[in-house]
Amino acid sequence: MDNRGDVSLLHGELQCADSSRDTAELLIRQVERLERLDDEHLAKYWFVICDLHANSMQSLSEDSMICWAAEYYRKQWEEEHGDARHMILSGLDEAMYYWWNGDKARTQEVLQRQKNYADEVAELTGEHLWQVIILRVSAEIAMRDYDYERVREYTETLIGLDDGKAIHLDVYFSLGEYDKMEKCFEKAIAQAADSAFIVNVVRRNYADLLGEIGQTDRAIQMLEELTAQYREAGNWLQVESLYSLSRLWLNKGDKQRAERYMREADELFAGYKESSEFDPATEASLRAHKQVLEYAKNGTYHIMDLVQLCVTA
């Protein structure tokens, strides 16, 4: 018996990975006789398994074979200068494997090595994408480790490489550098004002952060504009913007408006929960905010609704 069936399963997994992570993992787990796979397909197998775990926010602490796969792709790059994508991404997964196992020194060693490779790719091809991705992952790991000085360093480098579009702009919020945060948001919005990503993610996050730093009126104006756009487009993200408006109006002391926006969010919630935009964290925030509203109005609250959500999550 040859290994053609297992190889075809690998190719099938790669085709459906982006559309259905659960289906992809189920499919690749059907691969049998790993010892029959050649190095190319074995590396792909371990890379895909680890990448599926990473993209579904699972721990990589047991994905030790990613180290072998990353070494395979590095040697391939050094010999042929061909597959930059697998070489870079498998190395990042390797760094995350060490991070999940608490080995910070090895994590930084791997990240530095991958940065050197990304610089080499940029020099050969003029493509800076991999440098940006390396820095984004490095900044994410630094944030997880509460290493804000290193986050600042990566952020400043990213702004120079990618004009600020690819960084997590809330980094400046975490560092308390609100002027820089605002300038980056405004620049990103001005450059792609009609982009779905800008409307659905960047502007809404910007409004929420403005509310957090005391610019409540400005945040409300932005969220009201976004809510009108979401309604016109039939976008379920209006539930999240309505929740934010309720919270901001309560902060201003207007319980009546806060309750009205919360009621609108509630009326739309069932449809939102079935949509692709649904975020379980938003459901928890909505329920918690309802308790805050109840306490603000009546001086009492009922915590069991939130407790049940936590128990069943």
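Things worth noting here:
- Cα-based equivalent ellipsoid of the range 38-168: semi-axis lengths in Å, sorted from largest, via gyration tensor: 23, 19, 11
- Equivalent ellipsoid dimensions for the range 208-297 as semi-axes, Å, which come from the Cα gyration tensor, largest first: 20, 16, 11
- Structural descriptor for the range 38-168: relative contact order 16 percent, calculated from alpha carbon pairs under 8 angstrom and at least 6 residues apart.
- Sorting Thr155, Thr216, Thr125 by the number of Cβ atoms found within 10 Å of their own Cβ, with the fewest placed first, yields Thr125, Thr216, Thr155.
- Cross-link reach list, lysines versus Lys44, counting only Cα pairs under 19 Å and skipping chain neighbours closer than eight places: Lys75
- Backbone HN-Hα couplings from phi across the range 282-295 [Karplus 6.51/-1.76/1.60, Hz, Gly and Pro as x]: 5, 4, 5, 5, 4, 5, 5, 5, 4, 5, 5, 4, 4, 5
- Remark: the range 129-138, residue by residue, has Karplus-estimated 3J(HN,Hα) of 3, 6, 5, 4, 5, 4, 5, 4, 5, 4 Hz, where x stands for each Gly or Pro and the curve is 6.51 cos²θ - 1.76 cosθ + 1.60 at θ = phi - 60°.
Read-outs: derived from the displayed coordinates by stated rules, not from any lab. Quick caveat: nothing in here was measured; it's all calculated off a predicted structure. No Cβ is skipped: glycine too gets one built from the backbone with ideal geometry, and neighbour counts run over all protein chains shown.
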